[in-house]
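Engineer: What follows is a structure written as structure tokens; I'll ask about it next.
The values are calculated or read from the model by the stated rules, or taken from the named source; none is laboratory data. Not measured: the values here are computed from a predicted model. No Cβ is skipped: glycine too gets one built from the backbone with ideal geometry, and neighbour counts run over all protein chains shown. Only protein heavy atoms, including side chains, enter the accessible area calculation; ligands, DNA and RNA are left aside. Shrake-Rupley method; radii C 1.70, N 1.55, O 1.52, S 1.80 Å.
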Amino acid sequence: MIIAANLKMNLKRKDLQHYKETLQTQLSLLNSVDAVIFPNMACLLDSSYFQDIPLTQGAQNAYPAKNGAYTGEIGSEILEELGIRTILIGHSERRELGDNQEFCLAKFTYYQELGFRIFYCIGEPLHIRKKGLSAVMDFLQTQISGIDLHYPSLVIAYEPIWAIGATQPASIEEISATHLNLKNLFRNINPTRDIPLLYGGSVKADNAREISQINGVDGMLIGSGALNPQNFLHIIKETLE
Ligand code: PGA
């Protein structure tokens, strides 16, 4: 299972220190999954900071260039200096801020070239979900368009936009049907690799077990449910039971 925490624009450096100390108390639990954390961009730490715990640090976003005149952006040179080789691309909150498919693709291609592990997010808005599964699949295909599904360090996160930061995740049936359809789609394009597929959207300790047991769910991308390190550990525990 891949259990990833997307901290978004939350938690200060001081909080991350506490986060790490809390995780340190449960190393065997952490060791039993592939745990990843995406801290706020201004709080990215040198990866050596996490070297004594089995936790990978990733970037929530980055510009598709080494460095240069891109005000407010972060490039691969700085990420590599920090030892960061994992990146989230295409999160719906980034797409909302203007990352269109072309830009997501440019980021994907650039970071693929550098060999980064890429967590690539897809997810439909509510009005598409209301049209049914086949409309959802058509929409998700447009977000996958151009993405190299043969890339061995690719992880895909399915996050229905309407379930992010909501009171409820998507239903078990919705997650199950969408994941199975996505898995079939991926398999048709690349039969040689079972591309890890995460679910994201209102995952919490009290629903993590049920979601993690759905066929086709290889892990979870968690926002608010992982802001508290105890909850993050609790979610990991639930997925193991
Ligand atoms: P949420 O966010 O868990 O707060 O719904 C998930 C995400 O946006 O990755």
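Engineer: Contact order normalised by length for the chain, with contacts defined as Cα pairs under 8 Å and 6 or more residues apart; what percent is it?
Structural biologist: Across the chain, relative contact order equals 21 percent.
Engineer: Would you check the chain for Lys pairs whose C-alpha atoms are within less than 20 Å, ignoring same-chain pairs closer than 8 in sequence, and give me the count?
Structural biologist: Lysine pairs, 8 or more places apart or on different chains, close enough: 8.
Engineer: If each residue of separation counts as 0.36 nm, what is the full-extension length gain between Gln24 and Gln168 once their alpha-carbon separation is subtracted?
Structural biologist: Values: separation 144, 0.36 × 144 = 51.84 nm, distance 3.00 nm.
Net length gain for the segment: 48.8 nm.
Engineer: Determine the per residue accessible area of the chain with all protein chains present and a 1.4 angstrom probe, expressed in square angstrom.
Structural biologist: 45 Å²
Engineer: Ok, one more. With a 1.4 Å probe and all protein chains left in place, how much of the accessible area of the chain comes from carbon and sulfur atoms, in whole percent?
Structural biologist: Carbon with sulfur: 50 percent of the solvent-accessible area.
Engineer: Right, next: Counting Lys and Arg as +1 and Asp and Glu as -1, each charge on the Cβ, what is the dipole of the chain about the Cα centre in debye, to the nearest 20?
Structural biologist: The dipole magnitude comes to about 180 debye.
Engineer: Could you work out how far the C-alpha centroid of the range 184-241 sits from that of the range 5-24, in angstrom?
Structural biologist: 20 Å
Engineer: Residue farthest toward the positive end of the dipole of the range 117-241, with Cβ of Lys/Arg at +1 and Asp/Glu at -1: which of Gly216, His234, Ile156?
Structural biologist: Looking along the dipole axis, the top candidate is Ile156.
Engineer: Can you tell me the order of 77-84, 188-195 when each peptide is scored by its average per-residue count of other Cβ atoms within 10 angstrom, highest first?
Structural biologist: Averaged packing, sorted descending, gives the order 77-84, 188-195.
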